[in-house]
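J.: Let me give you the structure first, and then I'll get to my questions.
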Amino acid sequence: MATAHAIHVSSRSGRRAIGRGWVIATYVALALFAFWTAIPFLWMILASLKTNKEIYDEFTILPKTIYFGHYLGLVTGNFMIWLKNSLTVGIVTTTLSIVLGSLAAYSLTRLRFAGRGLAARGLIFTYLVPGSLLFIPLFQIVSSLGLSDTIGSLMLVYPTFTLPFCTWMLMSYFRNIPVELEEAALMDGCGSVGVLFRITIPLSLPAIAVVALFSFTQSWNEFLYALVFTNSVASRTVTVGLTQMFGEDVFFWGQMMAGAILAALPPVILYTLAQRAVIQGLTGGAVKG
């Protein structure tokens, strides 16, 4: 019996050792993956803090002195105009996506009308259409409306690819809200629009946070439409403006890296502030629907 007990203790110790080995291997793999992912960002930061001489002539991995001239050049140049344009387009696109997406999602989940299922499936089909197939007809529409070379054209076009996803996301979340809450509000004299803005939307704030971040990030990072629909310096966005930081065959890597870092800050800040709501919204919307 003592032998059997010793074997049992030995096997349990072996399993614990194997478990600790897997934990250590997992942490090592995660550390290597995090380091590999962080290398491009570290390289961008270091390049933005080097002088042009250290970048082109005397190559060094670490800057000999911290140089902020590239950032000062961006702040005093056209970059701030591009940053303002991107912020304006992103805020307007996000607002439209939230408002119109909430109305559409509530209609498709709570109201009964002919073609409701077809309209819901059409949202997915619309979202799956590649943007490269649509920019020519969209450009014709924008030109006919007299919005060429304006940020207004981007405000009109960007909801075409953010709104379908936002509507579908909110539909999945609205289905998880008990109908009894809305029925009680209707019995108390609240209309359908009042139920949406007083009951449904307050209970769906995590999903709305996901929708807002998705819409803002998509509009902030979009390049093709911004390149086609805007031409002048005053109407460019950050993504297009960064590609203009070169002269003939010379790339101004210091300014480009500094601009890329500044352009990445708004989405990073938003995700950092709203990460808990994003996780709740993604998991809540994935339960049903």
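The values are calculated or read from the model by the stated rules, or taken from the named source; none is laboratory data. Computed from a predicted model, the values in this text were never measured in an experiment. As a convention, Cβ positions derive from the backbone with ideal geometry for all residues, glycine included, and neighbour counts pool all protein chains shown.
J.: Does at least one position in the range 57-64 carry a residue that is crowded, with 16+ Cβ neighbours inside 10 Å, of a type in the set (Phe, Trp, Tyr) and either in the same structural domain as Leu227 (by TED's automatic domain parsing) or at pLDDT below 85 (or both)? Walk me through how you get there before you give the answer.
T.: The initial filter retains those residues of the range 57-64 that are crowded, with 16+ Cβ neighbours inside 10 Å, namely 63.
Next, only the ones that are of a type in the set (Phe, Trp, Tyr) stay: none.
No, because not a single residue in the range 57-64 is crowded, with 16+ Cβ neighbours inside 10 Å, of a type in the set (Phe, Trp, Tyr) and either in the same structural domain as Leu227 (by TED's automatic domain parsing) or at pLDDT below 85 (or both).
J.: Within the group Ala263, Ala234, Ala258, which residue is surrounded by fewer than 23 Cβ atoms within 10 Å (Cβ to Cβ), among the hydrophobic types (A, V, I, L, M, F, W, C), touching a residue at least 60 places away in the same chain (Cβ under 8 Å) and more than 27 Å from Phe165 (Cα to Cα)?
T.: On the way: Ala263 fails: more than 27 Å from Phe165 (Cα to Cα); Ala258 fails: surrounded by fewer than 23 Cβ atoms within 10 Å (Cβ to Cβ).
Residue meeting the stated conditions: Ala234.
J.: While we're on this one: Are any of the residues in the range 213-230 acidic (Asp, Glu) and farther than 30 Å from Ser172 by Cα? So that I can check it myself, show each step before the final result.
T.: The first filter runs over the range 213-230 and keeps only residues acidic (Asp, Glu), leaving 222.
Now narrow it down to the ones that are farther than 30 Å from Ser172 by Cα: none.
So far as the range 213-230 goes, no, none of its residues is acidic (Asp, Glu) and farther than 30 Å from Ser172 by Cα.
J.: Of the residues Thr109, Thr200, Thr167, which single one is surrounded by 14 or more Cβ atoms within 10 Å (Cβ to Cβ), in the same structural domain as Val233 (by TED's automatic domain parsing) and within 19 Å of the chain's Cα centre (by Cα)?
T.: Numbers: Thr109 fails: within 19 Å of the chain's Cα centre (by Cα); Thr200 fails: within 19 Å of the chain's Cα centre (by Cα).
From the options Thr109, Thr200, Thr167, the qualifying one is Thr167.
J.: Give me the residue from the range 179-197 that is within 34 Å of the chain's Cα centre (by Cα) and charged (D, E, K, R) and, out of that set, surrounded by the fewest Cβ atoms within 10 Å (Cβ to Cβ).
T.: Only one residue tops the list, namely Glu180.
J.: Still on this structure, please answer the following. Among the listed residues Leu123, Leu147, Leu100, which satisfies the condition of being at pLDDT 80 or above, outside any loop (DSSP other than H, G, I, E, B), surrounded by 14 or more Cβ atoms within 10 Å (Cβ to Cβ) and not aromatic (Phe, Trp, Tyr)? Give the steps one after another, and end with the answer.
T.: On the way: Leu123 fails: at pLDDT 80 or above; Leu147 fails: outside any loop (DSSP other than H, G, I, E, B).
Result: Leu100 is the single residue among Leu123, Leu147, Leu100 that is at pLDDT 80 or above, outside any loop (DSSP other than H, G, I, E, B), surrounded by 14 or more Cβ atoms within 10 Å (Cβ to Cβ) and not aromatic (Phe, Trp, Tyr).
J.: Answer yes or no as to whether Leu133 is at pLDDT below 85 and over 25 Å from Ala212 (Cβ atoms).
T.: yes
J.: Test of understanding: among Thr95, Thr60, Thr65, which residue is polar (S, T, N, Q), farther than 17 Å from Leu46 by Cα and free of Cβ contacts under 8 Å to residues at least 40 places away in the same chain?
T.: Numbers: Thr60 fails: farther than 17 Å from Leu46 by Cα; Thr65 fails: farther than 17 Å from Leu46 by Cα.
Exactly one of Thr95, Thr60, Thr65 is polar (S, T, N, Q), farther than 17 Å from Leu46 by Cα and free of Cβ contacts under 8 Å to residues at least 40 places away in the same chain, namely Thr95.
J.: Anything in the range 27-46 that is within 30 Å of Tyr67 (Cβ to Cβ) and of a type in the set (Val, Ile, Thr)? List them, or say none. Spell out how you get there, then give the answer.
T.: From the range 27-46, those within 30 Å of Tyr67 (Cβ to Cβ) are 34-46; that's our starting set.
Correct list: Thr37, Ile39, Ile45.
J.: When residues of the range 126-144 are filtered for being surrounded by 13 or more Cβ atoms within 10 Å (Cβ to Cβ) and among the small types (Gly, Ala, Ser), how many remain?
T.: Selection size over the range 126-144: 2.
J.: Here are Ile66, Ile91, Ile136: which of them is in contact with a Leu (Cβ under 6 Å, 6 or more places away or on another chain) and farther than 12 Å from Thr167 by Cα? Talk me through it step by step, then tell me what you get.
T.: Numbers: Ile91 fails: in contact with a Leu (Cβ under 6 Å, 6 or more places away or on another chain); Ile136 fails: in contact with a Leu (Cβ under 6 Å, 6 or more places away or on another chain).
The unique qualifying residue is Ile66.
J.: Select the helices (runs of 4 or more DSSP H) contained entirely in the range 209-284, then report the ones holding at least 3 residues which are of a type outside the set (A, V, I, L, M) and modelled with pLDDT under 85.
T.: Values: elements: 224-229, 238-242, 253-273.
Correct list: 253-273.
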